[in-house]
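The values are calculated or read from the model by the stated rules, or taken from the named source; none is laboratory data. This is a predicted model, so every value here is computed, not measured. We place every Cβ from the backbone using ideal geometry, glycine too, and count neighbours over all the protein chains shown.
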Amino acid sequence: MFDKIDQVFVASLHWLVSFLPEAWRPVASSLISIAFILAVFPALFSIVTIFERKGIGRIQNRYGPNRVGIPFTKIRLAGFGQFLPDGLKMLTKEDIVPRSADKLVHFLAPVVLLIPVLLAYSVLPFGRNMTIADYDAGLLFFLAVGGAVEVSVFMAGWSSRNKYSLLGAMRAIAQMLSYEIPLILSAVTVVMVVGSLNLSEIIRHQNQYTYGIAHWHVFTPWGFVGFVLFFIASLAESNRTPFDLPEAESEIIAGYFTEYSGFKFALFFLGEYLGMFAISGLGITLFLGGWTAPFSFLTWIPSYVWFLAKLLAIVFVFIWIRATLPRLRMDQLMNFAWKFMLPLALINIVVAGIWFYLGHDWQRWPICAVILVCAYAALGRALMRPQQFGKRVYRYAE
Amino acid sequence: MLGEQIIKGMAVTARNFFGSYVSKDRLTTVQYPEERLPQKGNTRQFPMLVYDNDPEKGLRCVACTICEKECPPQCIYIVKSKDKKPDYKGQPQLYPAVFDIDISVCMSCSICVEVCPFESIKMNTEFELSTDDRFDDLLLHKSDLAKSNEYYRKLHPDDAKESDAVLAAEKAKAEAKAKAAADAKAKATIAASSTTATAPAPTPAVPPSTATK
């Protein structure tokens, strides 16, 4: 019974495809899956924008949007109808292209943003047997297409021919390249321990229970540190506060999409949120056990419900952080990436190796934990040391 | 240690998040059309014309056009009447045939209130004036501007009391003067010193608005 509910999407896909001739089935199956992703995640995006506005409102002791409901009735739905007028407003706005912009690149940038973001979804396991393309190198594929986002950001910044756009794009490139390294290095630990780049395999490795508690990687010392590093890097990768320097409103208007309006702006907005969901999904898959339940007595809840619940929880933390932390300065951003996250990620790789070779010995727990805590304390102390800035010397200008 | 303050900050925001669901006192906003905050005592939006008893005949304005001349953005337009009508003292006075205020121009400075010697033009607190016709609906005519003295008393009780006192004093003075004139006429043959004895006791208080001029 529970198994049937768990597999309802997979079964209905098979049932739909079974009406077609044998040769068309793989294509039809992928097309239906693509349609599914294109329907579900933009819908999730629209709901999350409301959640974000309401959540930030509550954190600031306001109500947030609570008016728009069903038109011509008094039903308000607690404001959850707000995304519809917001979206309609966005779509009906005039599409302005600057006269001196590079028209083609300016047009292509939002499209180029959306394609890799949507491609990334193809390898994510949303539930048991619910991976669209179960590549052996799924993690590698995800990280590769995730890196392509930077191209679109720079296309947008460069083609707009606006100083704010270009500044935002340059900031974005510097930030994304810097944080891509701890992101990948923290993911590498999982690959080392599991021994596979296949995301389904990674989840299978975590889908075991000892004393009723799942073997999620986040419950191990290296996994916890890896998850925190991954989470911080994914904040930076999706340009969320406190790493929203590329689109810092108070400094550079809207950064690389200053010159975008109407539907293209909406596409950027959508691409950003879809990227956030995708990278959260990867974090869930790598460290939080993907679609598995945390405790063995909760395994009857369908796998996709677990995935969605974890995704929404992570998104809530994203929103919570956005409402709490102010924006970093550019040098703080770089210091944090290169002086703290990168060394800690490298140490974490070593710790994951120690963990792997100590086998099932209980001593691996204290050993790994102590190494990581010491590394964290030392690196944190070094990072927080008051910096001495001498007189600035100009080598060429004097 | 690194991250301590971040945890503290996150705790603060989390407390706000959950607290806003638990206690209504935390919420700083008011659900406006349904709930309203009381207006502050000195609220002012746009001018109105105060009348006693009748919106046409009781209008205090005598079309002296001082406000029209003093208005910095020149948003008042007055046409004087050809005939006269008795004011509250029974004295024949001109009245405004047309009195228009363009509230799209008005800057709510309340200089017109300060200069008005007849306690006629006062500031209204009505602020829900949004309209879809920005020309005709934002040009207030005499009939729109006329508001009763009771309304004014409700809006600004203290100011209204002062203005009532000024008017009462003026009226008492006028009555005393009339009475004195009548007495003088009656006792034309008797010594003229009697007029000083019936001189009005209350000297009119300077209206607070004119004092600041």
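One table, with the values for the structure above:
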item: Of all residues making up the range A:123-140, the number that are in contact (Cβ under 8 Å) with a residue 60 or more places away in the chain and not in a loop (DSSP other than H, G, I, E, B); result: 3
item: In the range B:152-182, residue farthest from B:GLN91 (Cα to Cα) [restricted to those that are without any contact (Cβ under 8 Å) to a residue 24 or more places away in the chain and surrounded by 16 or more Cβ atoms within 10 Å (Cβ to Cβ)]; result: B:ARG153
item: Residue among A:LEU358, A:LEU328 that alone is of a type in the set (A, V, I, L, M) and within 14 Å of chain B (Cβ to nearest Cβ); result: A:LEU328
item: Members of the range B:1-14 found to be within 8 Å of another protein chain (Cβ to nearest Cβ) and either assigned to a helix (DSSP H, G or I) or exposed (fewer than 15 other Cβ atoms within 10 Å of the Cβ) (or both), listed by number; result: B:MET1, B:GLY3, B:ILE6, B:GLY9, B:MET10, B:VAL12, B:THR13, B:ALA14
item: Pairs with Cβ under 6 Å, 6+ apart, first in the range A:31-56 and within 14 Å of chain B (Cβ to nearest Cβ), second assigned to a helix (DSSP H, G or I) and of a type outside the set (D, E, K, R); result: A:GLU52/A:ILE319; A:GLY55/A:ILE319; A:ILE56/A:ALA323
item: Check on A:LYS310, of a type in the set (D, E, K, R) and either in contact with a Cys (Cβ under 9 Å, 6 or more places away or on another chain) or touching a residue at least 40 places away in the same chain (Cβ under 8 Å) (or both); result: no
item: Pair list, Cβ under 9 Å, 6 or more apart: the range A:258-279 residue over 23 Å from A:VAL40 (Cβ atoms), other residue surrounded by fewer than 22 Cβ atoms within 10 Å (Cβ to Cβ) and basic (Lys, Arg); result: A:GLU259/A:ARG161; A:SER261/A:LYS93; A:GLY262/A:LYS93
item: Criterion violated by B:ASP25 - all others in (1) within 11 Å of another protein chain (Cβ to nearest Cβ); (2) at pLDDT below 85; (3) surrounded by 15 or more Cβ atoms within 10 Å (Cβ to Cβ) satisfied; result: (3)
item: Any hit, the range B:29-48, residues being touching a helix residue (DSSP H, G or I) at 6+ places or on another chain (Cβ under 6 Å), outside any loop (DSSP other than H, G, I, E, B) and either farther than 30 Å from A:TRP320 by Cβ or more than 11 Å from chain A (Cβ to nearest Cβ) (or both); result: yes
item: Failed condition for B:GLY58, given (1) more than 14 Å from every other protein chain (Cβ to nearest Cβ); (2) small (Gly, Ala, Ser); (3) surrounded by fewer than 11 Cβ atoms within 10 Å (Cβ to Cβ); result: (3)
item: Selected residue (only one of A:LEU143, A:LEU185, A:LEU197 is among the aliphatic types (A, V, I, L, M), part of a loop (DSSP other than H, G, I, E, B) and under 25 Å from A:LEU344 (Cβ atoms)); result: A:LEU197
item: Failed item, numbered, when B:PHE17 is tested on (1) over 18 Å from the mean Cα position of the chain (by Cα); (2) part of a helix (DSSP H, G or I); (3) away from chain A (no Cβ under 14 Å); (4) not aliphatic (A, V, I, L, M); result: (3)
item: Selection status of A:SER178, surrounded by fewer than 24 Cβ atoms within 10 Å (Cβ to Cβ) and not in a helix (DSSP H, G or I); result: no
item: Close pairs (8 angstrom Cβ cut-off, 6 or more residues apart or separate chains): within 12 Å of another protein chain (Cβ to nearest Cβ) in the range A:364-378, surrounded by fewer than 13 Cβ atoms within 10 Å (Cβ to Cβ) anywhere; result: A:TYR376/B:MET1; A:ALA377/B:MET1
item: Looking only at the range B:117-145, and only at residues there that are crowded, with 20+ Cβ neighbours inside 10 Å and of a type in the set (A, V, I, L, M), the one that is nearest to the chain's Cα centre (by Cα); result: B:MET123
item: Matching entry among B:VAL30, B:VAL62 (being closer than 25 Å to B:GLU150 by Cα and aliphatic (A, V, I, L, M)); result: B:VAL62
item: The range A:266-292, residues that are more than 8 Å from the chain's Cα centre (by Cα) and of a type in the set (Gly, Ala, Ser); result: A:ALA266, A:GLY271, A:GLY289, A:GLY290
item: A:TRP320 of a type in the set (Phe, Trp, Tyr), surrounded by 16 or more Cβ atoms within 10 Å (Cβ to Cβ) and over 27 Å from A:ASP6 (Cβ atoms); result: yes
item: Residue in the range A:37-56 that is within 23 Å of A:PHE269 (Cβ to Cβ) and exposed (fewer than 12 other Cβ atoms within 10 Å of the Cβ) present; result: yes
item: Residue within the range A:387-395 that is aromatic (Phe, Trp, Tyr) and within 14 Å of another protein chain (Cβ to nearest Cβ) present; result: no
